[in-house]
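Here is the structure we will look at, set down as structure tokens.
The values are calculated or read from the model by the stated rules, or taken from the named source; none is laboratory data. It should be emphasised that the depicted structure is a prediction, and the values quoted were computed from it without experimental measurement. Note that we place each Cβ from the backbone using ideal geometry, even for glycine, and neighbour counts take in every protein chain shown. Side chains included, ligands, DNA and RNA excluded: accessible areas come from the protein's heavy atoms. Shrake-Rupley method; radii C 1.70, N 1.55, O 1.52, S 1.80 Å.
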Amino acid sequence: MESKSMTISTKIQQSNYSALSNLPRHIINQIKSEGELYITASHKCSRIWTEMRKNDFVNDAQLNFTIVQRIFEACRSEIVQLLKLQNEKDFFELFDQDNDGILNEDEQILIFSVIKEKMHQVATALLKIQEYILFKQLMKELRTLESNIADYQNQLRQRISIKERKMYKEIGQEKLDDFYDKYYQEFHQLTKYKVDRRAQLKISQEKELGILEDRLSKDTELMKVKPKKKLKDLQTQEKLVSLEERVEEALDFRKELKDLEKHEQDRVYKVQKYRIEKQHSDLLFKQQKEREQLEGKLQETEYKLIIQMKKDYDVLLKQINLHNNEITRIQNLATNQAMKKGLYEGEAKRQKVQSQLQNSIIAQTKAIIQPESKINDIDQFHESETLRKLESRKSLQFVGSPGKPIFSEESEKSPMGVAFNGKTKNFYQIRKIIKDSKNITQFYIKKNYGADLPINFVRSAHNIQGDQHEKIEKFLSIKRKSQHELLPPITQLYDDDLKEKQIKAITQTDQEIKREKALKRAFINEKLFRND
């Protein structure tokens, strides 16, 4: 009986309740060293971010491979410590998700999100090995980095918002330029129409005046005015008296006719002259009326055009500013959603996992204290302790997400950790984090909201995603390209004889175009705002 109790006490003393009893010391040291490296992760990420912005010369947040090389060389130590990537080619290949040769806004933020996810995995490993102080410090640093990531994406988003509002103003300016061009051409055509109508009227009036001159110069027109009948009677009597040699009477008739002929000649001349001048003045008066009527019609046409232009101008001003508030509202909504997501989504996910772990621990504790689950045999107790330690060690090697080993003995045997195709194991671990991990927060700065959802995803009232940014894209889709970005049709380069001709849009410089637009704007504004 005594020997049996001695055996039991020996087995109890050999059993160890610590979860770290069978864990290799070098793995624990590696986890601690990793945790110490990530203690200053937010500062290192801040330096990487500063270098990114410094090398963004065009200020369009599009980083090509050459720029990424400069960033990698400037921040090599930080990137190697945080991501364990040894060259810029692997770095660029990992984060260029759409394989377009540039890192856009979402892919730049993805760099820091991956670092945050690796920090969380290291923090989980520290919690497993019971390094609570270092775990708390690392979680504090993780939350700082989380806040910084939210600020980084907000900076990129605000830059895009400013560009979109600027583009919308440019579209409005294009519409105004089209308005000025249209009505400048309308007034140019109206001026040409006025000149043509005046020229036509002048030609017709000159022709009409020539016809009148020809008609008045004919003898038939002079014959229309005849002397008085008394003159003819006296002349007849004079002839008769002279034939009968009645000299005294003939002299009397001649004396009377002499004064009468002169008076009648003056009267006929005056009447003829009056008739000619009267017809001439009547024609001139008629032509003057025609000119006045034509000027009135032309002025009326111009006033109608000005009235229509003012109506179109008022409508255009409303159209230009129609979607301005809508664009601002959508941008502010997307900004607020992204900031809330960046600041609170990660913490909410961690709290959810923490609650699940707490519930699991409580459930296991309840199962242990139940009478039917008590261990009565020392051998069974020892076996269960061994299995528990193995499970503990296994869970330590695969922290974070299932299937993502961070610390293993295999990786310790090969310092470079080369897997195949010249890529390190850490390269494929990061790729798996990007592909499979749901802990990475997506901000959808440039890519379509919800674009990474499964193809069979069915939207419903409670899971509809979107920030309505497609409306802004629709508003901005009518933006035209610059004249320097467009090539004219080949038919515009040659005339009917296949001789090369100069195209105004090609030969004009930007200063000439601006000057021409300013002249058109000044001309139309004078018509728009004059008070008459």
Next on the checklist: Let me confirm something: among LEU317, LEU333, LEU294, which residue is touching a residue at least 12 places away in the same chain (Cβ under 8 Å), surrounded by 12 or more Cβ atoms within 10 Å (Cβ to Cβ) and closer than 30 Å to LYS175 by Cβ?
Outcome noted: LEU333
Checklist entry - Out of LYS166, LYS194, LYS207, which single residue is more than 23 Å from TYR313 (Cα to Cα) and open to solvent by 80 Å² or more (accessible area, probe 1.4 Å)? => result LYS207
Item to check | Filtered residues of the range 338-350 (kept if open to solvent by less than 70 Å² (accessible area, probe 1.4 Å) and of a type outside the set (A, V, I, L, M)) | outcome: LYS341, GLY342, GLU345, GLY346, GLU347, LYS349, ARG350
Next on the checklist: Can you tell me how many residues within the range 97-110 are touching a Leu at 6+ places or on another chain (Cβ under 8 Å) and part of a helix (DSSP H, G or I)?
Outcome noted: 3
Next on the checklist: Exactly one condition in (1) surrounded by fewer than 10 Cβ atoms within 10 Å (Cβ to Cβ); (2) modelled with pLDDT of 75 or more is false for ALA522; which is it?
Outcome noted: (1)
Checklist entry - List pairs: first in the range 267-281 and part of a helix (DSSP H, G or I), second loosely packed, with under 13 Cβ neighbours inside 10 Å, Cβ under 6 Å, 6+ apart or cross-chain? => result none
Checklist entry - Which of the residues belonging to the range 117-138 are touching a helix residue (DSSP H, G or I) at 6+ places or on another chain (Cβ under 6 Å), open to solvent by less than 20 Å² (accessible area, probe 1.4 Å) and part of a helix (DSSP H, G or I)? => result GLU117, MET119, VAL122, ALA123, ALA125, LEU126, LEU138
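Name every residue in the range 463-477 that is assigned to a loop (DSSP other than H, G, I, E, B) and at pLDDT 75 or above, in order of residue number.
Filtering the range 463-477 for residues assigned to a loop (DSSP other than H, G, I, E, B) gives 463-468, 477.
Scanning the range 463-477 gives a single hit, SER477.
Can you pull out the residues in the range 336-355 that are touching a residue at least 40 places away in the same chain (Cβ under 8 Å) and under 16 Å from SER147 (Cβ atoms)?
Residues of the range 336-355 that are touching a residue at least 40 places away in the same chain (Cβ under 8 Å), as a first pass: 337-339, 341-343, 345-347, 349-350.
Answer for the range 336-355, where residues must be touching a residue at least 40 places away in the same chain (Cβ under 8 Å) and under 16 Å from SER147 (Cβ atoms): ALA338, MET339, LYS341, GLY342, LEU343, GLU345, GLY346, GLU347, LYS349, ARG350.
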Checklist entry - Which one is farthest from the chain's Cα centre (by Cα), of the residues in the range 134-179 that are farther than 20 Å from THR335 by Cα and among the aromatic types (Phe, Trp, Tyr)? => result PHE135
Item to check | Residues satisfying the stated conditions in the range 168-183, i.e. closer than 14 Å to MET309 by Cβ and either in contact with a strand residue (DSSP E or B) (Cβ under 8 Å, 6 or more places away or on another chain) or not charged (D, E, K, R) (or both) | outcome: LEU176, PHE179, TYR180, TYR183
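Please indicate, with yes or no, whether at least one residue in the range 351-367 is surrounded by 14 or more Cβ atoms within 10 Å (Cβ to Cβ) and basic (Lys, Arg). Spell out how you get there, then give the answer.
Start the filter on the range 351-367 by keeping residues that are surrounded by 14 or more Cβ atoms within 10 Å (Cβ to Cβ), which leaves none.
No, the range 351-367 contains no residue that is surrounded by 14 or more Cβ atoms within 10 Å (Cβ to Cβ) and basic (Lys, Arg).
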Checklist entry - Going through the range 171-193 one residue at a time, which ones are within 17 Å of LYS479 (Cβ to Cβ), touching a residue at least 40 places away in the same chain (Cβ under 8 Å) and of a type outside the set (Asp, Glu)? => result ILE171, GLY172, LYS175, LEU176, PHE179
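Counting only residues that are in contact with a Leu (Cβ under 9 Å, 6 or more places away or on another chain), in a helix (DSSP H, G or I) and buried (at least 19 other Cβ atoms within 10 Å of the Cβ), how many does the range 424-443 have?
Count: 3.
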